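K.L.:
Below are the structure tokens for one structure; questions will follow.
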2 protein chains.
Amino acid sequence: MDAEAIQQCLEGSGLRCTPQRYAVMAFLMEHNRHPTAAEIFEAVNRVDPRSSRATTYNNLRDLVRAGLVREVAVEGRAARFDAKGMRHHHFICDRCGNVEDIQWYDVPRPAAASLGKRILRESELIFRGLCTKCAPRRAARKGVVRVS
Amino acid sequence: MDAEAIQQCLEGSGLRCTPQRYAVMAFLMEHNRHPTAAEIFEAVNRVDPRSSRATTYNNLRDLVRAGLVREVAVEGRAARFDAKGMRHHHFICDRCGNVEDIQWYDVPRPAAASLGKRILRESELIFRGLCTKCAPRRAARKGVVRVS
DNA sequence: CGAAGTTTTTAGATTATATCTAATATGACA
DNA sequence: TGTCATATTAGATATAATCTAAAAACTTCG
């Protein structure tokens, strides 16, 4: 990934391109594995420049606010983060909590009547089940059902 | 809501109908306002029988496992809970975090190729933006954009 | 019934995740 | 360079959820 591109991406959103912020953004753009804040913090700190935990969280919050990064809340687990590149949906594994990308396809908006006076910013389609790694160990077990 | 119906609903899913568990389920069925665990705990404890925090969480976990209740993770906030009645989608307010129901409509499944060997259990459509209460205070402000 | 096993509840401790604080450092720019 | 806004930091704090170990409530079955 091109360093200039990342810099422009940050500055184009009104964010100063500090070393710590750059490191977070670069990590997210280079890995599409939806890391947690703790994983990002750790990864960034394996190389210079170092970053504190607060800074990592601050920068993630700023990047999410700027619309460059998406936060995915997962029940009972730490949130995952995801550089917004190509549009995609998400698959969340019931067992390991990992978040994976599913190729984008268009989803119809709800009827105006059911939105009422709400202001719609975005819609998000989430699939749940067992990921490729977890499916083999669980597929035969009671309680896991294939669903249309 | 009929007490017998709730009892049957629990027992039909292999859960004993204890007073504390009943209270949690009854509260969720009577209010469709997607409370947090803390709100459920508080509500249940305003009347007898009392329930401890651990029991509230245990029962919520059991109800979710049994498929009677849905847990909705919200970024940066406590999870919300929702008795599964009629199928519906969710709208989550960016500002206040409240979760509201959106009338159900069918969403196409992803192509088999993009699911690969994953086992799909369910899919969930989430809308984000500003709820009816929050929209008026924010609609004119910078950063909030209507989107198709 | 009553013994024995199982499930549930409980208070409080603990863990996990995220945010806050206030002091310091950095960068922007007149 | 001086001034001001923004960013970073270590560590404290807050919040959400889970764990622990013991007691209580049920179930089963002799």
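The values are calculated or read from the model by the stated rules, or taken from the named source; none is laboratory data. Keep in mind that what you see is a predicted model, and the values were worked out from it rather than measured. Counting neighbours? That spans all protein chains shown, and the Cβs are built from the backbone with ideal geometry, glycine included. These area figures cover heavy atoms from the full protein model, side chains too; ligands, DNA and RNA do not enter into them. Shrake-Rupley method; radii C 1.70, N 1.55, O 1.52, S 1.80 Å.
K.L.:
Please tell me if residue B:116 is at the interface with chain A (Cβ under 9 Å from one of its Cβ atoms), crowded, with 16+ Cβ neighbours inside 10 Å and over 24 Å from residue B:9 (Cα atoms).
P.N.:
Details: at the interface with chain A (Cβ under 9 Å from one of its Cβ atoms): yes; crowded, with 16+ Cβ neighbours inside 10 Å: no; over 24 Å from residue B:9 (Cα atoms): yes.
Against the criterion (at the interface with chain A (Cβ under 9 Å from one of its Cβ atoms), crowded, with 16+ Cβ neighbours inside 10 Å and over 24 Å from residue B:9 (Cα atoms)), residue B:116 does not qualify.
K.L.:
Hey, can you tell me all the residues within the range B:79-99 that are open to solvent by 50 Å² or more (accessible area, probe 1.4 Å) and touching a Phe, Trp or Tyr at 6+ places or on another chain (Cβ under 6 Å)?
P.N.:
Hit for the range B:79-99 is B:87, nothing else.
K.L.:
Now a separate question. Can you tell me how many residues in the range B:21-36 are crowded, with 16+ Cβ neighbours inside 10 Å and either in contact with a Ser or Thr (Cβ under 6 Å, 6 or more places away or on another chain) or in contact (Cβ under 8 Å) with a residue 60 or more places away in the chain (or both)? Show your work before the answer.
P.N.:
Filtering the range B:21-36 for residues crowded, with 16+ Cβ neighbours inside 10 Å gives B:21-29, B:34-36.
Narrowing the set further to residues that are either in contact with a Ser or Thr (Cβ under 6 Å, 6 or more places away or on another chain) or in contact (Cβ under 8 Å) with a residue 60 or more places away in the chain (or both) leaves B:34.
Looking only at that region, the number is 1.
K.L.:
Counting only residues that are within 11 Å of the chain's Cα centre (by Cα) and crowded, with 17+ Cβ neighbours inside 10 Å, which one in the range B:58-71 is farthest from residue B:39 (Cα to Cα)?
P.N.:
Selected residue: B:68.
K.L.:
Taking residue A:54, is it exposed (fewer than 13 other Cβ atoms within 10 Å of the Cβ), within 10 Å of DNA strand C (Cβ to nearest atom) and modelled with pLDDT of 95 or more? Spell out how you get there, then give the answer.
P.N.:
Details: exposed (fewer than 13 other Cβ atoms within 10 Å of the Cβ): yes; within 10 Å of DNA strand C (Cβ to nearest atom): yes; modelled with pLDDT of 95 or more: yes.
In short, yes.
K.L.:
Residues being of a type in the set (Phe, Trp, Tyr), more than 9 Å from chain A (Cβ to nearest Cβ) and more than 10 Å from DNA strand C (Cβ to nearest atom): count how many of those fall in the range B:57-103. First the steps, then the outcome.
P.N.:
First, pick out the residues of the range B:57-103 that are of a type in the set (Phe, Trp, Tyr): B:57, B:81, B:91.
From the residues that got through so far, the ones that are more than 9 Å from chain A (Cβ to nearest Cβ) too are B:57, B:81.
Filter again for more than 10 Å from DNA strand C (Cβ to nearest atom), leaving B:81.
Summing the residues that are of a type in the set (Phe, Trp, Tyr), more than 9 Å from chain A (Cβ to nearest Cβ) and more than 10 Å from DNA strand C (Cβ to nearest atom) in the range B:57-103 gives 1.
K.L.:
Give the residue, chosen from A:99, A:44, A:107, A:69, that is hydrophobic (A, V, I, L, M, F, W, C), in contact (Cβ under 8 Å) with a residue 40 or more places away in the chain and either within 11 Å of DNA strand D (Cβ to nearest atom) or in the same structural domain as residue A:137 (by TED's automatic domain parsing) (or both). Steps first, answer last, please.
P.N.:
Values: A:44 fails: in contact (Cβ under 8 Å) with a residue 40 or more places away in the chain; A:107 fails: in contact (Cβ under 8 Å) with a residue 40 or more places away in the chain; A:69 fails: either within 11 Å of DNA strand D (Cβ to nearest atom) or in the same structural domain as residue A:137 (by TED's automatic domain parsing) (or both).
Criteria check complete, one pass: A:99.
K.L.:
Is it true that some residue in the range A:1-12 is away from DNA strand C (no atom under 15 Å from the Cβ), open to solvent by less than 10 Å² (accessible area, probe 1.4 Å) and more than 12 Å from chain B (Cβ to nearest Cβ)?
P.N.:
Looking through the range A:1-12, at least one residue is away from DNA strand C (no atom under 15 Å from the Cβ), open to solvent by less than 10 Å² (accessible area, probe 1.4 Å) and more than 12 Å from chain B (Cβ to nearest Cβ).
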